[in-house]
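Reading through the structure tokens given below for one structure.
Since every read-out is calculated from the coordinates, none of them should be taken as a lab result. Being a predicted model, the structure only gives us computed values, none of them experimental. Every residue, glycine as well, gets a Cβ built from its backbone with ideal geometry; the counts of neighbours run over all protein chains shown.
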Amino acid sequence: MQKGFTLIETLIYIALFAIVIGGGMVAAYEIIQATDANRNQIILQEEANFVFRKIDWALTGATAITVSPSTLVTTKSISGTPTNLTFALDSTSHSITLKRNSNSANALNSTNFLATNLSFTDIPASGGSPHGVTTKFTLITVQNGRAASQDFSTTKYLRQ
């Protein structure tokens with residue numbers, strides 16, 4: 001009687017080892033893909049938060065507000081000077097822009113993101129509720145080799 005493994009036992013062990021290693025590689029690949037998708041969602045949220053903070057800044061202390069479906073114009077005092085701040089969508093570069101007075105418009109989102117469907121809705125003051133503005137837009141990115149898109153919306157009520 002000889003001790004050791006037969007050829008069949010060795011082949012079975014190799015096959016089991018290959019299945020375990022293959023399953024581990026598939027699981028690792030799925031984890032990496034999910035991490036990239038989550039990273040895209042986080043980056044989209046950060047971009048949207050930046051745009052919302054700029055709009056919030058423009059509306060805070062505004063003395064006049066003009067809302068159209070695709071443009072928001074606020075007038076506020078910056079360093080003692082009345083300044084018109086205009087938010088709009090640049091359809092060429094697909095970016096949300098901020099324009100001060102008659103200066104050129106500056107993009108608020110980075111070039112890695114496309115902004116679409118920018119809209120503003122005026123909420124008039126009534127029955128003791130303050131005047132407000134609802135902002136909606138969609139951001140799209142193809143970071144980390146994966147496409148991601150998300151709709152964003154917020155409402156800012158103005159203090160009297």
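If r is the Cβ-Cβ distance from residue 154 to residue 79 and R0 is 22 Å, what FRET efficiency results, to the nearest 0.05?
On the way: r = 27 Å, r/R0 = 1.22.
In this case the efficiency is close to 0.25.
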### Task
Please turn the phi angles of region 76-89 into ³J(HN,Hα) values with the Karplus equation 6.51 cos²θ - 1.76 cosθ + 1.60 (θ = phi - 60°), one per residue in order, whole Hz, x for glycine and proline.
9, 8, 10, 6, x, 10, x, 10, 8, 10, 10, 9, 7, 9
### Query
Of (1) 15.7; (2) 19.3; (3) 17.8, which is the value of Kirkwood radius over Cα pairs in Å derived from the coordinates here?
(2)
### Summary
Between the alpha carbon centres of region 8-31 and region 42-64 the gap in Å comes to 50 Å
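Using alpha-carbon pairs under 8 Å, 6+ residues apart, how would you state the relative contact order of region 74-160 in percent? Let's see the in-between values first.
Values: 162 pairs, mean separation 15.6, N = 87.
That works out to 18 percent.
Counting only C-alpha contacts under 8 Å and six or more residues apart, can you give the relative contact order of region 17-147 as a whole percent? Numbers along the way, then the final one.
Working: 196 pairs, mean separation 24.4, N = 131.
Averaging sequence separation for qualifying contacts and normalising by length gives 19 percent for region 17-147.
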### Task
Taking the chain as the reference, fit the longest principal axis to its C-alpha atoms, fit the long axis of helix 7-59 to the helix C-alpha atoms, and give the angle between the two in degrees, 0 to 90, nearest 10.
10 degrees
### Message
Need the C-alpha centroid separation for region 89-123 versus region 124-148, integer Å.
### Response
12 Å
### Query
Under a Cβ-Cβ cut-off of 13 Å, what is the net charge of the residues other than residue 157 that fall near it, where Lys and Arg count +1 and Asp and Glu count -1?
0
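First check a/c for region 74-125, with a ≥ b ≥ c the square roots of the eigenvalues of its C-alpha gyration tensor; if it is under 1.5, answer rounded, and if not, answer prolate when a/b is larger than b/c or oblate otherwise. Write down the numbers at each step before the final one.
Details: a/c = 2.84, a/b = 1.38, b/c = 2.06.
Taking the square roots of the gyration eigenvalues as a ≥ b ≥ c, region 74-125 is oblate.
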### Message
Using helices alone, I'd like the mean residue ellipticity at 222 nm for the chain: each DSSP H run of four-plus residues gives -39500 (n - 2.57), total over residue count, nearest 500.
### Response
-12500 deg cm²/dmol
### Query
If Lys and Arg each add +1 and Asp and Glu each add -1, what is the summed charge of the other residues whose beta carbon sits under 14 Å from the beta carbon of residue 143?
-1
